[in-house]
Each structure stands twice: as C-alpha cells, then as structure tokens.
1. Out of the residues in region 42-70 meeting the condition of being of a type in the set (Ser, Thr, Tyr) and within 11 Å of THR4 (Cβ to Cβ), tell me which one is farthest from the chain's Cα centre (by Cα).
2. Look through region 26-45, keep the residues that are over 18 Å from ASP14 (Cβ atoms) and in contact with a Lys or Arg (Cβ under 8 Å, 6 or more places away or on another chain), and return whichever of them is surrounded by the most Cβ atoms within 10 Å (Cβ to Cβ).
Amino acid sequence: MTTTSYLVKGMTCDHCAQSVRSEVGGLAGVQRVDVDLPTGTVTVTSQNALADAEIAAAVDEAGYEVVSRA
C-alpha cells in the first residue's frame, strides 16, 4: 500500500469533496480517498504508487487543481 497527500485548490463544500473522491477513486488501484476540506488536503491510498500527473488529471476532471504534494 502507498499513501500520498496532495494540496488541492478550490474545494469549499461536501459536494466538492465528493467530486474529488469520485474522480480519484475511479483510478485503477485506488483503495481510499480522504478529503480534508479545511486544509484542502486529499490523501490517496492505493495498491501501488500512482503518478502525480494521474492524480492531478483526475482532480482537474473534478474541477479543481492540485497545487503540490502535502
């Protein structure tokens, strides 16, 4: 298992968090996606390490932007 956290810009509500969970959670190998709205942190747990670009693309598809790794 691999766990990586990212700072995501633009999330403000539960709907935002659910959109990100849905898009990132749909990536192959993702086991869990946790979103902390107050800090803008998205923590992804997956079977194997995922490319940062892959996570960023999924977050972008949800309408938000990965700023950096947390």
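No lab work stands behind these numbers, since they all come straight from the coordinates. These numbers were taken from a predicted model, which means no experiment stands behind them. For neighbour counting, all protein chains shown are included, and Cβ atoms are generated from backbone atoms with ideal geometry for every residue, glycine included.
1. Restricting attention to region 42-70, the residues satisfying the condition of being of a type in the set (Ser, Thr, Tyr) are 43, 45-46, 64, 68.
Next, from what is left, pick out any that are within 11 Å of THR4 (Cβ to Cβ): 43, 45-46.
Working: THR43: 6, THR45: 10, SER46: 11 Å.
Applying the filter and picking the extreme gives SER46.
2. Step one: list which residues in region 26-45 are over 18 Å from ASP14 (Cβ atoms), which gives 26-31, 44-45.
Subset that is in contact with a Lys or Arg (Cβ under 8 Å, 6 or more places away or on another chain): 44-45.
On the way: VAL44: 25, THR45: 14.
Checking each candidate, the answer is VAL44.
Here is a yes/no grid of residues against (1) among the polar types (S, T, N, Q); (2) in contact with a helix residue (DSSP H, G or I) (Cβ under 9 Å, 6 or more places away or on another chain):
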residue	(1), (2)
THR4	yes, yes
ASP14	no, no
GLU23	no, yes
GLY29	no, no
VAL35	no, yes
THR41	yes, no
VAL44	no, yes
ALA62	no, yes
VAL66	no, yes
